[in-house]
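Engineer: Next up is a structure, given as structure tokens.
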Amino acid sequence: MISFFYSCKKVEKSKPENWTPLFNGKDLTGWTAKINGYELGNNYNNTFRVENGALIVSYDSYDSFTNEFGHLFYETPFSNYKLRLEYRFVGEQVEGGESWAKKNSGIMIHCQSPESMLINQGFPISLEVQLLGGINENEPRPSGNLCTPGTHVIMNNELITEHCIQADCKTYYDEEWITVEVIVNNDSITHFIDGKSVISYSKPTIGGEFLDSTSEEVQAKEGQPLTGGYISLQSESHPIEFRNIEILELK
């Protein structure tokens with residue numbers, strides 16, 4: 001006689017995650033530009049705009065790039081969350097851009113408020129999820145790195161004071177859409193590129209390079225932990241497009 005036993009244990013279904021769009025695909029509602037050399041809200045040369053459902057960084061109105069490093073800030077600060085979006089580099093770098101800025105952009109998290117930036121301040125105090133594209137064949141240029149303008153972090157129980165730390169990620173050479181996700185869980189942060197974890201770090205604090213280019217009020221916060229802040233998208237002289245920008249706040 002063959003007996004069959006069936007478990008009556010109820011299988012719990014995972015709850016759907018309620019992601020919130022930060023970009024409506026139509027205009028820059030909720031976003032404000034801060035471009036080096038210009039007042040907050042001056043979207044110089046229409047650098048940031050929306051076309052075909054994507055938030056794009058364009059330089060077609062520039063004669064040349066002369067340090068107009070820019071950041072497009074979302075209106076709300078966040079602390080614990082998952083952030084994800086898609087990006088792709090397109091076209092050619094504008095004349096005058098730095099060689100290192102070719103196919104180079106970023107997502108800045110834990111930013112100082114845009115109102116606290118000086119007119120002539122190229123980069124906010126923040127943690128940068130650096131986005132890079134390949135330029136020369138067989139020359140590695142991984143995406144998803146960490147750069148630290150005015151910040152320090154802990155990695156493998158050591159204080160990291162380098163400005164940029166390379167991620168464990170492949171190089172993307174073409175103009176395909178790439179998915180990036182950032183998980184901020186209290187004081188631990190991980191970057192993902194196309195679903196792969198590429199770098200992790202923790203306990204960010206204010207300090208180091210770029211701090212001296214900020215206001216005295218911000219400089220006075222040296223050594224303080226960064227437990228949250230604003231999110232911004234970067235413009236560094238190479239055209240880039242973003243879409244499907246959304247966030248899931250964590251408890």
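The values are calculated or read from the model by the stated rules, or taken from the named source; none is laboratory data. Everything numeric in this text was worked out from a predicted model, so none of it was measured. All Cβ positions, even for glycine, are placed from backbone atoms using ideal geometry, and neighbour counts span all protein chains on display.
Engineer: Condition first: closer than 22 Å to residue 204 by Cβ, surrounded by fewer than 22 Cβ atoms within 10 Å (Cβ to Cβ), under 12 Å from the mean Cα position of the chain (by Cα) and not hydrophobic (A, V, I, L, M, F, W, C). Can you find one or more residues in the range 83-95 that meet it?
Structural biologist: Yes, there is a match, as at least one residue in the range 83-95 is closer than 22 Å to residue 204 by Cβ, surrounded by fewer than 22 Cβ atoms within 10 Å (Cβ to Cβ), under 12 Å from the mean Cα position of the chain (by Cα) and not hydrophobic (A, V, I, L, M, F, W, C).
Engineer: Check whether at least one residue in the range 137-150 is modelled with pLDDT under 95 and among the polar types (S, T, N, Q), and report yes or no.
Structural biologist: yes
Engineer: Just name the residue that is nearest to residue 92 (Cα to Cα) out of those in the range 217-238 that are outside any loop (DSSP other than H, G, I, E, B) and in contact with a Leu (Cβ under 7 Å, 6 or more places away or on another chain).
Structural biologist: Start the filter on the range 217-238 by keeping residues that are outside any loop (DSSP other than H, G, I, E, B), which leaves 217-219, 225, 229-235.
Pick out the ones that are also in contact with a Leu (Cβ under 7 Å, 6 or more places away or on another chain) and you get 219, 231-233.
Values: 219: 36, 231: 26, 232: 22, 233: 19 Å.
Per the criteria, the residue is 233.
Engineer: Residue by residue through the range 155-177, note down the ones that are in contact with a Gly (Cβ under 9 Å, 6 or more places away or on another chain) and among the aliphatic types (A, V, I, L, M).
Structural biologist: If the condition is that a residue be in contact with a Gly (Cβ under 9 Å, 6 or more places away or on another chain) and among the aliphatic types (A, V, I, L, M), then 167 is the only one that fits.
Engineer: Please go through the range 17-68 and pick out each residue that is in contact with a Phe, Trp or Tyr (Cβ under 9 Å, 6 or more places away or on another chain), part of a strand (DSSP E or B) and either exposed (fewer than 13 other Cβ atoms within 10 Å of the Cβ) or of a type in the set (Ser, Thr, Tyr) (or both).
Structural biologist: If the condition is that a residue be in contact with a Phe, Trp or Tyr (Cβ under 9 Å, 6 or more places away or on another chain), part of a strand (DSSP E or B) and either exposed (fewer than 13 other Cβ atoms within 10 Å of the Cβ) or of a type in the set (Ser, Thr, Tyr) (or both), then 32 is the only one that fits.
Engineer: Sticking with this one: Quick check, is residue 232 closer than 30 Å to residue 138 by Cα, in contact (Cβ under 8 Å) with a residue 40 or more places away in the chain and not β-branched (Val, Ile, Thr)?
Structural biologist: no
Engineer: For a quick check of your reading of the model, give me the residue pairs whose first member lies in the range 134-147 and is free of Cβ contacts under 8 Å to residues at least 12 places away in the same chain and on the phi < 0 side of the Ramachandran plot, whose second is part of a loop (DSSP other than H, G, I, E, B) and of a type in the set (A, V, I, L, M, F, W, C), with beta-carbon atoms closer than 6 Å and at least 6 apart or on different chains.
Structural biologist: none
Engineer: Give just the number: which of (1) touching a Leu at 6+ places or on another chain (Cβ under 8 Å); (2) β-branched (Val, Ile, Thr); (3) surrounded by 15 or more Cβ atoms within 10 Å (Cβ to Cβ) does residue 160 not satisfy?
Structural biologist: (1)
Engineer: Could you say whether any residue in the range 165-177 is assigned to a strand (DSSP E or B), closer than 14 Å to residue 143 by Cα and without any contact (Cβ under 8 Å) to a residue 24 or more places away in the chain?
Structural biologist: Checking the range 165-177: not a single residue is assigned to a strand (DSSP E or B), closer than 14 Å to residue 143 by Cα and without any contact (Cβ under 8 Å) to a residue 24 or more places away in the chain.
Engineer: Can you tell me which residue in the range 111-157 is surrounded by the fewest Cβ atoms within 10 Å (Cβ to Cβ), limited to those that are among the β-branched types (Val, Ile, Thr) and either under 20 Å from residue 79 (Cβ atoms) or under 12 Å from the mean Cα position of the chain (by Cα) (or both)? Step through it out loud before you land on a result.
Structural biologist: Residues of the range 111-157 that are among the β-branched types (Val, Ile, Thr), as a first pass: 119, 125, 129, 135, 148, 151, 153-154.
Subsequent filtering for residues that are either under 20 Å from residue 79 (Cβ atoms) or under 12 Å from the mean Cα position of the chain (by Cα) (or both) retains 125, 129, 148, 151, 153-154.
Values: 125: 28, 129: 29, 148: 24, 151: 24, 153: 22, 154: 15.
Only one residue fits best here, namely 154.
Engineer: For the range 192-208, state whether one or more residues are modelled with pLDDT under 95, surrounded by 16 or more Cβ atoms within 10 Å (Cβ to Cβ) and either out of contact with any Lys or Arg (no Cβ under 9 Å at 6 or more places or on another chain) or not aromatic (Phe, Trp, Tyr) (or both). Talk me through it step by step, then tell me what you get.
Structural biologist: Filtering the range 192-208 down to residues modelled with pLDDT under 95 leaves 208.
Subset that is surrounded by 16 or more Cβ atoms within 10 Å (Cβ to Cβ): 208.
Right, trim to either out of contact with any Lys or Arg (no Cβ under 9 Å at 6 or more places or on another chain) or not aromatic (Phe, Trp, Tyr) (or both) and you get 208.
Within the range 192-208, one or more residues are modelled with pLDDT under 95, surrounded by 16 or more Cβ atoms within 10 Å (Cβ to Cβ) and either out of contact with any Lys or Arg (no Cβ under 9 Å at 6 or more places or on another chain) or not aromatic (Phe, Trp, Tyr) (or both).
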